[in-house]
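Q: Have a look at this one.
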Amino acid sequence: MKIAVLSGKGGTGKTLVAVNLAAVAKNSVYADCDVEEPNGYLFFQPTEVTTQQVTVSIPSIDYNLCSGCRKCVDFCRFNALAYIAQKPAFFADLCHSCGGCTLLCPNHAISEKQNAVGKVIIGNSQNVTTITGIMDTGRASGVSVIRQVLRCLNQKNKPGIIGIIDCPPGSACIVMESIREADYCVLVAEPTIFGLHNLQMVIELVQLFNKPFGVVLNKCTADANPSAEYCHEKNMTILASIPFDKKLGQLVSDGQIAVHCDPLWQKLFISLLDKINKEAGYEAATDNQR
Amino acid sequence: MNIAIPVDETKTNVCASLGRAPYFMIINANTGEKTIIDNPAPAASGGAGIKAAQSVIDQNVKAILTPRCGMNAAEAFKAAGIALYQTVSESIDQSLAAFNKGDLVELQNIHPGFHGQGGK
Ligand code: SF4
Ligand code: SF4
């Protein structure tokens with residue numbers, strides 16, 4: 001079973017929820033798809049790590065063979081090729097690696113070469129297998145790194161294993177990529193008007209993909225909580241309310257896994273995972289012995 | 001030589017965006033003749049900046065007057081030997097007059113693209 005954890009923007013506690021859910025599960029895989037700024041591994045400190053390079057195919061143009069016919073430029077619907085001074089010019093960050101230009105060039109002037117875009121690091125930390133996607137800086141999008149992370153997750157996904165997908169913040173196409181195969185989505189929201197606005201964007205996204213979902217309210221205080229009110233009004237599942245707590249904030253900034261430090265948080269996350277399992281229609285697989 | 005300016009719906013003002021401008025005005029610097037062409041880019045599925053740049057490059061342009069420009073498009077213009085000048089006014093006529101007097105400076109306002117949709 002795969003659970004995606006997402007939020008409308010960074011800093012809502014998305015990684016806190018994802019990391020601690022993975023930590024309380026008996027046997028889990030934590031897959032960090034926040035490839036621009038992966039930070040889950042900082043908590044898990046995985047060992048026995050192996051690294052895979054992620055590459056994509058991009059065209060390489062042999063200008064000695066190119067006749068300047070412009071066919072490739074007119075074909076590329078992603079506008080990764082421009083016709084400048086009678087020759088095609090290539091813009092790597094717009095290329096979707098469709099391979100079309102290579103196939104159609106009448107002079108066989110285009111071949112494909114591999115271009116590194118990032119890496120995936122796999123490691124272990126007690127009951128958790130960690131998979132971390134890291135996009136090389138300066139890349140326009142991390143989709144292919146995310147795909148590689150999810151491929152690794154699928155290889156490790158067996159019955160009884162809980163896969164936790166830590167999604168990138170926001171609601172852009174890389175988030176869609178991250179939740180595509182999730183069985184259940186956990187939406188982390190802050191208790192403010194802005195928090196609600198971000199929550200609504202993510203709700204729209206998961207509804208678009210018809211994913212079952214529930215909301216975790218983070219940083220809750222005694223004050224009014226627009227996100228909570230919205231969930232009640234729309235009859236949406238609130239999975240847990242995590243209180244605003246200075247000690248919890250300190251644990252996070254120290255890179256500690258809260259459920260390993262305090263039975264209070266352990267209890268909260270075990271019941272959160274139980275609730276997700278029930279909501280998603282699976283048997284509970286939490287590690288109650290710890 | 002030809003000069004290009006991104007223009008808005010009114011076709012009388014400089015458009016704040018180059019890639020997403022609805023039209024380009026192409027001015028023949030010798031005759032002063034002005035033509036309006038459609039920018040095909042607003043409907044582009046990605047790489048609007050390059051698509052817009054392509055339509056301008058195909059017009060035999062040597063200079064572009066614009067308030068800003070995306071990184072990819074700027075690179076394409078550079079490869080095509082087209083100079084970019086920073087407009088200081090919304091008015092097309094004032095911008096042209098300033099350009100003709102040599103008052104416009106080279107564009108500094110080059111921003112990273114807004115795409116983030118690449119298949120990488
Ligand atoms: S299709 Fe081939 S020959 Fe034609 S412009 Fe492109 S690279 Fe050159
Ligand atoms: S591989 Fe596809 S997206 Fe990339 S330049 Fe060629 S046609 Fe365009």
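The values are calculated or read from the model by the stated rules, or taken from the named source; none is laboratory data. Just so it is clear, the structure is predicted and the values come from calculations on it, not from any experiment. When we count neighbours, we look across all protein chains shown, and the Cβ atoms used for this are built from the backbone with ideal geometry, even at glycine. Note: accessible area is taken over every heavy atom of the protein model, side chains too, but ligands, DNA and RNA are not part of it. Shrake-Rupley method; radii C 1.70, N 1.55, O 1.52, S 1.80 Å.
Q: Can you pull out the residues in region A:49-84 that are in contact (Cβ under 8 Å) with a residue 24 or more places away in the chain, within 14 Å of chain B (Cβ to nearest Cβ) and within 9 Å of ligand 1 (Cβ to nearest atom)?
A: If the condition is that a residue be in contact (Cβ under 8 Å) with a residue 24 or more places away in the chain, within 14 Å of chain B (Cβ to nearest Cβ) and within 9 Å of ligand 1 (Cβ to nearest atom), then A:Pro59, A:Ile61, A:Tyr63, A:Cys72, A:Phe75 are the ones that fit.
Q: Suppose we filter region A:64-92 for residues that are within 10 Å of ligand 2 (Cβ to nearest atom), open to solvent by less than 50 Å² (accessible area, probe 1.4 Å) and of a type outside the set (Gly, Ala, Ser); how many remain?
A: Going through region A:64-92 one residue at a time, the tally reaches 8.
Q: Sticking with this structure for a sec: Return the residues of region B:16-25 that are in contact with a Ser or Thr (Cβ under 8 Å, 6 or more places away or on another chain) and free of Cβ contacts under 8 Å to residues at least 40 places away in the same chain; say none if nothing qualifies.
A: The answer is B:Phe24, and nothing else.
Q: Sticking with this structure for a sec: Given the condition open to solvent by less than 50 Å² (accessible area, probe 1.4 Å), within 8 Å of ligand 1 (Cβ to nearest atom), within 14 Å of another protein chain (Cβ to nearest Cβ) and at pLDDT 95 or above, answer yes or no: does some residue in region A:93-113 qualify?
A: yes
Q: Additional query: Does A:Ile179 qualify as being touching a residue at least 40 places away in the same chain (Cβ under 8 Å), among the hydrophobic types (A, V, I, L, M, F, W, C) and closer than 23 Å to A:Asn20 by Cα?
A: Judged against the criteria, A:Ile179 is a match.
Q: So which residues in region A:38-63 are surrounded by fewer than 17 Cβ atoms within 10 Å (Cβ to Cβ) and among the aromatic types (Phe, Trp, Tyr), if there are any at all?
A: If the condition is that a residue be surrounded by fewer than 17 Cβ atoms within 10 Å (Cβ to Cβ) and among the aromatic types (Phe, Trp, Tyr), then A:Tyr63 is the only one that fits.
Q: Give the residue, chosen from A:Glu48, A:Glu36, A:Glu112, that is within 11 Å of ligand 2 (Cβ to nearest atom) and out of contact with any Leu (no Cβ under 9 Å at 6 or more places or on another chain).
A: Every option except A:Glu112 fails the conditions.
Q: If only one of B:Ile36, B:Ile57, B:Ile26 is at pLDDT 95 or above and within 14 Å of chain A (Cβ to nearest Cβ), which one is it?
A: B:Ile57
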